[in-house]
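Okay, so here's the structure we're looking at.
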Amino acid sequence: MALWGGRFEKGVDAFTQEFGASLEDDKAMAQEDIKGSRAHAKMLAKQGIISGDDAAAIDAGLEKISGEIANGTFAWDVNDEDIHMAVEKALTADIGTPGARLHTGRSRNDQVATDIRLYAKRLCAELLEGNVELRRTLLSVAEKNLGVVMPGYTHLQHAQPVLFSHHMLAYFWMFSRDYTRLVAARTAADANPLGSAALAGTTYPLDRDYTTQLLGFDHAIPNSMDAVSDRDYLLDLDYACAVSMMHLSRLCEEIVLWSSTEFGFITLSDSYSTGSSIMPQKKNPDFAELTRGKTGRVYGDLMALLTTMKSLPLAYNKDLQECKEGPADAAKTLLDCMAIASGMLETMTVNASTMLAQAGKGFTAATDVADYLAKKGMPFREAHEVVGKLVLYCEKHGKGLEDLTAEEFQAASPLFGDDIAQDLDPAGIANARVTYGGTGEAAVRAQLGEAKERLAADEGR
């Protein structure tokens, strides 16, 4: 019979028992459950609600169970329904009456809320570490390839030459914002619901500030109903994971494109590629594609929890049992994908000559040619028109801007001089953009310094 079986004359059937159980999902936060129970027992003894001897027996018993769970010798039973019942039943079987006193002044509602908050904080800590490692890799790749020039794109069309390092650093700042979101999710979880009981608090003289201190929470939640029914912090975690996966998907989309025959910008390591069962020549960017695909499941985790929460009346409802699997899945998926992305970036070969060759195609110098005329006094909008006609001329005659003679330039505008040729070099075009945040080498070096400072600050949190 379940721990709540006093009210019932018979138990549920096997299928219903399995359907209602959350034990498999709960196992991931078993240590958090034990940590919360040890803190609760210590507080009960401090307040004189249970004896010091009972508290000592409970603590020793819970420590033993913790070790058994850690080494895989703990006997799980689906009939225990959830982690809370499993641990309490094992404890009582081991130490007797003191174990039956553990749940004094506590409900599974505030117990599970405590467990999940502690678990969410752990997940956030792991994700923050993975985020830092990924950004460390991005910085390293950017620093190693500072002189590499590539085409920058808008609408997936050649736009202007940029430094490959500048492109990599764009992702560094994306993931830096993701770090901030993960910190916010951890902060949201950092509040203690223990002592709220089922929904209304308890008549026992609990010291919630003491358990807050023991469990390392920032503060106790001031409203007992909110404490047992709030899952906002899991939505924050899901959202942070979803945004970070979106950034990873964008990065992996480019890895897929760049590794293709059409682009040839990078060559992926064999360790992060697969082959074809029928086409011997194939080297597929499967792990980049998988990361891109797994973004959908993390979005789904967020939407599932939003949908679960949308109509729940206060306070606790069994629906909330469904809040655990999604965030755990989102966090694991993101953690794995960040590791994969870091590995791909760290081991790929950058084909600098291919990038440079492409950087000069597609009239990427057009803006600089227009700027040339503007600097000679022509209004920019007029200069834009002149260069647009030059590009049209080139397209009709199968030429690039770099192929035009001085006479052809001067036919478009007498302001063109022989020095126009120096404004057509892709590296020169990229490196001329030295304003803060620009793609010129001087600006990128400054950006690298700023990025290193940001990473060091985050590593120190």
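Numbers below:
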item	result
Label-to-label distance, nm, for residues given as LYS389 and LYS375 (7 Å Cα→Cβ offset)	2.3 nm
Label-zone membership for the range 161-204, site ALA457, 7 angstrom Cα→C-beta point, backbone N under 12 Å	177, 180
Packing rank of 177-185, 155-163, where each peptide gets the mean count of other beta carbons within 10 Å, highest leading	177-185, 155-163
DSSP loop GluC sites (Glu not before Pro) with at most 12 other Cβ within 10 Å: longest gap in the chain	10-261
Angle between the chain longest axis and helix 441-459 axis [Cα atoms, degrees, rounded to 10]	0 degrees
Full-extension gain in nm, ASP53 to SER140, via 0.36 nm per residue minus C-alpha separation	25.7 nm
Ordering of 238-248, 47-57 by packing [mean C-beta count within 10 Å, highest first]	238-248, 47-57
Protection proxy ranking of 206-212, 333-339 - average other beta-carbon atoms within 10 Å, highest first	333-339, 206-212
Part-to-part distance (alpha-carbon centres) for the range 247-290 and the range 204-223, which is given in Å	51 Å
ALA125 versus VAL434: modelled label distance in nm, points set 7 Å from Cα along the beta carbon direction	4.7 nm
Using alpha-carbon coordinates, inclination of helix 83-95 to the longest axis of the chain, degrees	40 degrees
On Cα atoms only, tilt of 366-375 relative to the major axis of the chain in degrees	60 degrees
Violating pairs (Cα-Cα greater than 31 angstrom) within the set LYS144/LYS389; LYS46/LYS310; LYS46/LYS89	LYS144/LYS389; LYS46/LYS310
Inter-part distance where the range 295-321 and the range 80-118 are each reduced to a Cα centre, Å	25 Å
222 nm mean residue ellipticity, helices alone, for the chain (DSSP H n ≥ 4; -39,500 (n - 2.57); rounded to 500)	-20000 deg cm²/dmol
Projected label distance in nm at GLU382 and LYS27, using a 7 Å step from Cα toward the beta-carbon	7.7 nm
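Read-outs throughout are calculated quantities, based only on the coordinates presented, and are distinct from any laboratory measurement. The structure displayed is predicted, hence computed values, not measured ones. Note that we place each Cβ from the backbone using ideal geometry, even for glycine, and neighbour counts take in every protein chain shown.
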